[in-house]
Amino acid sequence: MSKIKIAVLISGGGSNLQALIDSIEKGDIAAEIKLVISNKVDAYGLTRASNHHIKTVVLDRHTYPNLEERDSKLLEILQKEEIDLVVLAGYLAILPSSFIETFSNRIINIHPSLLPSFGGKGYYGLRVHEEVIKRGVKVTGATVHFVNEETDGGPIILQESVGVEFEDTAEAIQKKVLKIEHQLLPLAVKLFAEGKIEVVGNRVKLL
Ligand code: GAR
């Protein structure tokens, strides 16, 4: 089976990136991570990538002060590397619509809640879990979805839930949710690589 070429975009620790690297190295997914791009120069995920000899690129406001130039550089790099799939693994920036159009149904994002709950603008990282506690929901989870124009509104590929206990802190919920994220993201990439995802309107049919 031929390998799909992946670019992973990160902003932080990169534990989801690590889960993906591990699955690929185990031979579970016919894919190659061609490069890791970060919009933060100090993102630990960059070290994780280097540890596995994966090319890294930093695109931030220091390397490219002009946002338009930064966005077109991103597109240029991905096209040059002939990337098949873009994985947002804790990438906390909004992608330009031209980019989303070019990679239509070829960008996937992992989000730390059961979308459409606790999603959209302003819902990222620990803040999601803080809102989960405030609202008092008994169940939360993780979602992998395709990225479209609407923030966190694209077709849902996979979801999995975890229970919320009254005593849980945001950090405790984050820990439980990350554990399932590390299973869901590699699985979604595997399904994509095997051509087992069909998008029907704003829904996904798993083949
Ligand atoms: C993950 O929990 C991911 O779901 C979240 O950021 C974290 C990154 O962790 N993403 C979002 O909140 C996107 N809206 P990681 O860097 O250890 O993979």
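Readers should treat all values here as calculations from the given coordinates under stated rules, not as data from a laboratory. Computed from a predicted model, the values in this text were never measured in an experiment. Every residue, glycine among them, receives a Cβ derived from its backbone with ideal geometry; neighbour counts consider all protein chains shown.
Could you check region 23-70 and list, in sequence order, the residues that are touching a residue at least 24 places away in the same chain (Cβ under 8 Å), surrounded by fewer than 19 Cβ atoms within 10 Å (Cβ to Cβ) and either of a type in the set (Gly, Ala, Ser) or farther than 26 Å from Ala188 by Cα (or both)? Of everything in region 23-70, just one residue is touching a residue at least 24 places away in the same chain (Cβ under 8 Å), surrounded by fewer than 19 Cβ atoms within 10 Å (Cβ to Cβ) and either of a type in the set (Gly, Ala, Ser) or farther than 26 Å from Ala188 by Cα (or both), namely Ala30.
Can you find a residue in region 27-45 that is within 16 Å of the ligand (Cβ to nearest atom) and part of a helix (DSSP H, G or I)? Yes: region 27-45 contains one or more residues that are within 16 Å of the ligand (Cβ to nearest atom) and part of a helix (DSSP H, G or I). Condition check: within 15 Å of the ligand (Cβ to nearest atom) and surrounded by 15 or more Cβ atoms within 10 Å (Cβ to Cβ). Does Gly120 satisfy that? No; evaluated as a whole, the condition is false for this residue.
Taking (1) within 16 Å of the chain's Cα centre (by Cα); (2) surrounded by 17 or more Cβ atoms within 10 Å (Cβ to Cβ); (3) assigned to a helix (DSSP H, G or I) in turn, Gln183 satisfies each apart from (2).
List every residue pair whose Cβ atoms sit under 7 Å apart, with the two residues 6 or more apart in sequence or on different chains, where the first one lies in region 185-205 and is closer than 23 Å to Lys3 by Cβ and the second, anywhere, is basic (Lys, Arg). What qualifies is Glu198/Lys205.
Of the candidates Leu74, Leu114, the single residue that is more than 16 Å from the ligand (Cβ to nearest atom) and either farther than 26 Å from Glu171 by Cα or of a type in the set (A, V, I, L, M) (or both) is Leu74. Please tell me if Val144 is crowded, with 20+ Cβ neighbours inside 10 Å and either within 13 Å of the ligand (Cβ to nearest atom) or under 15 Å from the mean Cα position of the chain (by Cα) (or both). Spelling it out, Val144 is indeed crowded, with 20+ Cβ neighbours inside 10 Å and either within 13 Å of the ligand (Cβ to nearest atom) or under 15 Å from the mean Cα position of the chain (by Cα) (or both). Mind checking whether some residue in region 172-183 is over 22 Å from Val8 (Cα atoms) and free of Cβ contacts under 8 Å to residues at least 40 places away in the same chain? Taking every residue of region 172-183 in turn, at least one turns out to be over 22 Å from Val8 (Cα atoms) and free of Cβ contacts under 8 Å to residues at least 40 places away in the same chain.
Out of the residues in region 77-111 that are charged (D, E, K, R) and touching a helix residue (DSSP H, G or I) at 6+ places or on another chain (Cβ under 9 Å), state the one that is farthest from Ala172 (Cα to Cα). Selected residue: Asp84.
Hey, Arg135 hits all of (1) within 20 Å of Ala7 (Cβ to Cβ); (2) surrounded by fewer than 16 Cβ atoms within 10 Å (Cβ to Cβ) but one; which does it fall short on? Here Arg135 meets the rest and fails (1).
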